[in-house]
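The values are calculated or read from the model by the stated rules, or taken from the named source; none is laboratory data. Because the structure is predicted, anything quoted here is derived from the model rather than measured. Cβ atoms come from the backbone with ideal geometry, glycine included; neighbour counts cover every protein chain shown.
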Amino acid sequence: MNKTTCPLDCYDACSVIWKDGKLYGDKNHPVTKGYLCPNLNTYLQTQRIQKPRYKGEEISMQKAIDILSDTLKKSTKTLYFKGQGNFGRLQDAPIHFFRQLDATFTKGSLCDGAGEAGVVAGRGESLSLPYEQIAKSRVVVIWGRNSSVTNAHFLELIKDKILIVIDPVKTSIAKKAAIHLQIKPREDLSLALLLARFVYIEQMEDHDFIEKFTSDFDYFVDFFREFPVKTLVENVGVALEDVLTALMLMDKEKVSILVGVGVQKYAHGSSVLRAIDSFAAMMGLFGKEGCGVSYLGNSGVGFKNIFEKGKKQVPFPIVDFSEYDVAFIQGSNPANQMPNSHKVIGRLGHTKCSVYFGLYENETSKLADLVIPAKDFLEKEDMRFSYGTDFIGRMPKLHESEIGISEVALTQALCDAFGFDKLADEKELIETIVGNNVYEKEGYLRNKEYQEIPYSDGFYTDDETFVFMDEYDDELCEEEGYFLITSKYKYALNSQFKRDKYIYLPPSCGFAEGEMVRAISPYGEATFEVKISEALRDDCVKIHSGTPGVNYLTPDGISLHGDSAIYQDTKITLQKVV
Ligand SMILES: Nc1nc2c(c(=O)[nH]1)N[C@H]1C(S)=C(S)[C@@H](COP(=O)(O)OP(=O)(O)OC[C@H]3O[C@@H](n4cnc5c(=O)[nH]c(N)nc54)[C@H](O)[C@@H]3O)O[C@H]1N2
Ligand SMILES: Nc1nc2c(c(=O)[nH]1)N[C@H]1C(S)=C(S)[C@@H](COP(=O)(O)OP(=O)(O)OC[C@H]3O[C@@H](n4cnc5c(=O)[nH]c(N)nc54)[C@H](O)[C@@H]3O)O[C@H]1N2
Ligand code: SF4
Ligand SMILES: [Mo]
């Protein structure tokens, strides 16, 4: 059978059947359950770049490779910049060439890196929860994750659970929840500390777990007691009664907490995850059946990393393309997806030679000097991890096409041109990565590291204990205006597929649906058509990821830990466009 795995950057990592030129969901897969989302369903209909281009003129692939290698030979400073267009492991193959070239790489991320730094500080490694464990919980807390849009295959899994949703937006999953804490954005740390405070007051903590598996609990207690309850309640912006009801629902139950990137798009994002984890550890929610905190996990734990980046690395959100003779951009659309578009676009324009290596035309391909079409996931060998589950998906080559070049083939061609050490064959590379770190269950590959309940034998820190937080850093956002929520859109995968175009405003905003408004932040401005949404708090506006213009408004700062983007650390004011 022609079985493969969805290549898109998504929690679910669906198992896919390729039959008669069409993609179908795999009915037998315990997570995919036979259906695919609107994004993969649009994949094959999306217009691809057919031919390479140099300075606007179509050229052959061989010519494109020649131009690329000549330009790289003359370059004194080269950047390798890779985004999240395809989650396959062999997408990293060009690292093999660019490391030998002594190029500059990126560190941190545009995505989950701030939160990951917080998880790693407490637990040593970020493991997500196997779906069997979520299935065994009675209460599921969905914290800053929009499961109905970004993680749709989990809806079936959690449909009979007691749901607690923590989100400034009344999302469709929030409407189904037993309780929805419609929190003020950026205040999840306050909420976690408030919960911890009441766990302590009500003596709900798990002393056995704290004793056996954690360190620094007393410091954590001293830390959260510094914050007056009144201040925390004011920060959080929801009634204390609702917070306590949520806590009581969790008391003595099996609780899974599914955390998304929404809580950590801020300078202090790492501390938010550390605080959520600390609250959960105090309740003894790790290493037990049906319990745990699942952030965007590192499903690569235990696998061999065969593509190690070079030492020269710059933080992802603040890459200055203009500093490089060649900027090689792969699987990404920085002109739309990076924060502070005005600056990014200006800098891209000043790069001596920018190269775009991708599937589709977008803001970045239009600015690039050299455009190289890639092969799609059906046309090359690969495999992937997922960050929402512990499944390992094989992605064999199932289809031939005249279009594009694969990441491995381009790497080999460049290594040839430079006389560098080449890569092994694709299948061999895949087997080296997979190694013996997998086991098979019901016909699907899983990560061995997750065979037991994550953290049941302790944590991945030096002394194998969970380390509680006892301080945090923040750079408060003091600006006036609306909070900006910039979350994912159902019909787009960031800037791929069908993008949104609206700004969503609360009914109290004074604007009417269909009007045009100019949204302004300290970083720039952009104009959008208004949609009124009852789902928003009065102090929030929402613009989805991928919407043209959204990142003219977002700050190009980096998180205090984790070198990652802080898209929501700004405020927005609105002006009517006349
Ligand atoms: N359809 C679709 N699916 C996708 C993607 C896509 O673009 N489209 N993108 C993929 C990628 S790259 C990623 S990283 C994942 C991310 O998927 P999610 O983790 O779900 O991330 P977001 O949609 O950015 O935000 C999730 C929720 O956080 C809420 N939120 C915003 N600010 C705050 C806050 O301060 N506190 C709290 N508690 N909540 C807040 C938002 O309202 C939103 O409902 O999704 C993946 N899946
Ligand atoms: N305002 C705002 N900005 C955001 C976010 C947000 O929530 N709000 N989310 C952030 C997050 S979480 C993320 S992960 C980033 C994502 O940002 P990017 O990583 O830039 O993702 P995309 O915009 O989806 O661009 C992916 C590109 O990959 C290319 N591609 C697809 N498959 C392949 C392939 O097999 N090979 C090659 N070579 N190219 C391929 C496609 O042409 C596509 O244009 O955006 C961040 N930016
Ligand atoms: S839900 Fe995610 S993994 Fe599944 S088909 Fe859609 S994008 Fe791919
Ligand atoms: Mo992401």
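Some observations on this one:
- Leu36 fulfils the conditions (1) more than 16 Å from ligand 1 (Cβ to nearest atom); (2) assigned to a loop (DSSP other than H, G, I, E, B); (3) free of Cβ contacts under 8 Å to residues at least 60 places away in the same chain except for a single criterion, (1).
- Test: residue in segment 367-381 that is within 30 Å of Leu157 (Cα to Cα), within 16 Å of ligand 3 (Cβ to nearest atom) and surrounded by fewer than 22 Cβ atoms within 10 Å (Cβ to Cβ): yes
Residue-wise test of (1) part of a helix (DSSP H, G or I); (2) under 30 Å from Tyr482 (Cβ atoms); (3) modelled with pLDDT under 95; (4) assigned by TED's automatic domain parsing to the domain that holds Leu273.
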| position | (1), (2), (3), (4) |
| --- | --- |
| Pro185 | no, yes, no, yes |
| Ser190 | yes, yes, no, yes |
| Arg197 | yes, yes, no, yes |
| Tyr200 | yes, no, no, yes |
| Asp208 | yes, no, no, yes |
| Glu211 | yes, no, no, yes |
| Phe220 | yes, no, no, yes |
| Phe224 | yes, yes, no, yes |
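- Sub-6 Å Cβ pairs linking a first residue in segment 450-469 that is more than 18 Å from Phe303 (Cα to Cα) and touching a residue at least 60 places away in the same chain (Cβ under 8 Å) to a second residue that is of a type in the set (D, E, K, R) and surrounded by fewer than 23 Cβ atoms within 10 Å (Cβ to Cβ), at least 6 apart or interchain, are Gly458/Glu464; Val467/Asp216; Phe468/Asp216, ordered by first then second residue.
- Residue check, Ala535 within 10 Å of ligand 1 (Cβ to nearest atom), small (Gly, Ala, Ser) and more than 22 Å from the chain's Cα centre (by Cα): yes
- Reported count of residues in segment 164-182, each being over 14 Å from Ala535 (Cβ atoms) and buried (at least 21 other Cβ atoms within 10 Å of the Cβ), is 3.
- Only one entry of Tyr489, Tyr504 meets the criterion of being of a type in the set (Ser, Thr, Tyr) and part of a strand (DSSP E or B), and that entry is Tyr504.
- Of everything in segment 321-337 that is near ligand 2 (Cβ under 10 Å from one of its atoms) and not hydroxyl-bearing (Ser, Thr, Tyr), the residue that is nearest to Ala526 (Cα to Cα) is Asn336.
- The condition of being under 26 Å from Arg145 (Cβ atoms), assigned to a loop (DSSP other than H, G, I, E, B) and over 19 Å from the mean Cα position of the chain (by Cα) holds for only one of Asp563, Asp473, Asp569, that being Asp473.
- All positions within segment 141-171 that are under 18 Å from Cys14 (Cα atoms), outside any helix (DSSP H, G or I) and away from ligand 3 (no atom under 12 Å from the Cβ): Asn146
- Counting the residues of segment 17-33 that are more than 16 Å from ligand 1 (Cβ to nearest atom) and either β-branched (Val, Ile, Thr) or outside the structural domain of Gly388 (by TED's automatic domain parsing) (or both) gives 1.
- Residues that are surrounded by 13 or more Cβ atoms within 10 Å (Cβ to Cβ), under 26 Å from the mean Cα position of the chain (by Cα) and either within 16 Å of ligand 4 (Cβ to nearest atom) or among the acidic types (Asp, Glu) (or both) do occur in segment 449-469, at least one of them.
- Complete set of residues in segment 63-113 that are more than 16 Å from ligand 2 (Cβ to nearest atom), outside any loop (DSSP other than H, G, I, E, B) and acidic (Asp, Glu): Asp66, Asp70
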